[in-house]
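Below is one structure, written out as structure tokens, with a few remarks after it.
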Amino acid sequence: MMSLKSQFINNGFVVIKEMFTTDEINQLKYAMEELVGKVRNNPLKYTTRYTFKNENDYDTWGVNDIFKPDLYNPAFGEVFGNVQLIKILKQLLGGDLRFWGAHALWSPEKVDYRLRWHRDYGDNELYHFEGSPNHIQFNIPLYSDSCFIAIPGSHRRPLTDQERKEVEANHTNRLPNQVRVSCHPGDILLMNAHTLHRGEGTTKDYRRTLHYSVQRKDEMYGGHTSYAEMKETDYLNEMHPVVRELMSNLVSWDEAHPLSPVDMLRKVRSKKERESYIAGSTK
Ligand SMILES: O=C(O)CCC(=O)C(=O)O
């Protein structure tokens, strides 16, 4: 049996069973229902993910930035109080951590969710051939969740011609070696988002899944997701001490590595590209 670390390095993702207790998951369920209600009632107010959206109608499958004050619930931060989780993340990333993102995903109500094949940070040369990660994303499913589909090992090699065509055409066709990953409440799915992956779920599923990401404190790639509140004492005092430290590490890194105007433009462009692929249920 491969160790957790070898599975993560080799495949680009791994499921760790029973990381959270039923009580912890129940707390998160309450917080999540409140969040989903808020976003469904007023999606334009947030960085909402849509399966479709037109002038008179819409359907949602998630929201970004759930640690911002208008969406935050302390249960979301308590996740970082899990000592075992932090230990594993530090071991895999090789040092102290900084915050990168916190989002939530759920099942749509009107249109099935079919997210196209992609690597989260574009099809660039940032992956390491030996598979070592420059970030970890992790999903915490509050109900059984089989929405994540990935190609093991694709985070440490260029895409094949067939894969590249799928990505460029925004398609969702079956690809060789694809694996559907199943998790139960309490499990955690760790992933390197350079792994070629997609998401899929129907309106009949009941999905409620947290989707977080962290990096090593001094990682040169990434960062630049801090926002004004992360420097405010009142906001930080509301946070779990571990979150406070992660956020303060992110702010310090962002301040020490300001973006040049060209990088700013690149960031805006890649945010737009990302928004276009998280928008939908395209075939
Ligand atoms: O639904 C999922 O689990 C995948 C989500 C995803 O690929 C993304 O947010 O980029």
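Rule-based calculations on the coordinates, nothing more; no lab input. This one's a predicted model, so the numbers in the text were calculated from it and none came from an experiment. With ideal geometry, Cβ positions are generated from the backbone for all residues, glycine too; neighbour counts draw on all protein chains shown.
Give me H240, H155, H118 sorted ascending by neighbouring Cβ count inside 10 Å, so fewest comes first. Could the numbers behind the result be given before it?
Working: H240 15, H155 28, H118 20.
Going from least to most buried by this count: H240, H118, H155.
Shape class of segment 143-276 from the alpha-carbon gyration tensor: oblate, with a/c at 1.5 or above and b/c at least as large as a/b.
Taking other C-beta atoms within 10 Å as the exposure proxy, R49, R208, R269 rank R269, R208, R49 from fewest upward. Taking a ≥ b ≥ c as the square roots of the eigenvalues of the alpha carbon gyration tensor, the chain is rounded, as a/c is under 1.5. Helical content of the chain, expressed as a calculated mean residue ellipticity at 222 nm, amounts to -10000 deg cm²/dmol (DSSP H runs of 4 or more residues, -39,500 (n - 2.57) each, divided by residue number, nearest 500). Of all lysines in the structure, the ones whose alpha carbon falls short of 26 Å from that of K204, not counting any fewer than 8 places away in one chain, are K17, K29, K38, K53, K110, K283.
Shape class of segment 40-159 from the Cα gyration tensor (axes a ≥ b ≥ c, square roots of the eigenvalues): oblate, since a/c reaches 1.5 or more and a/b does not exceed b/c.
Test of understanding: what is the full-extension gain from D263 to E34, defined as 0.36 nm times their sequence separation minus their Cα-Cα distance? Could you put the intermediate results ahead of the total?
On the way: separation 229, 0.36 × 229 = 82.44 nm, distance 3.63 nm.
Contour length minus the Cα-Cα distance gives 78.8 nm.
Amide hydrogen proximity for L97: with H placed 1.01 Å from N in the peptide plane, the residues at 5 or more positions away or on another chain lying under 5 Å are K217.
Amide H contacts under 5 Å for G62: R49, W106, restricted to partners 5 or more places along the chain or on a different chain, H placed in the peptide plane at 1.01 Å from N. With a simple spin-label model that places each label point 7 Å from the Cα along the Cα-to-Cβ direction, the separation between K53 and S144 comes to 3.3 nm. Couplings 3J(HN,Hα) for segment 202-215, derived from phi with the Karplus relation 6.51 cos²θ - 1.76 cosθ + 1.60 (θ = phi - 60°), are 10, 5, 7, 6, 10, 9, 9, 9, 7, 9, 10, 8, 9, 9 Hz, where x marks Gly and Pro.
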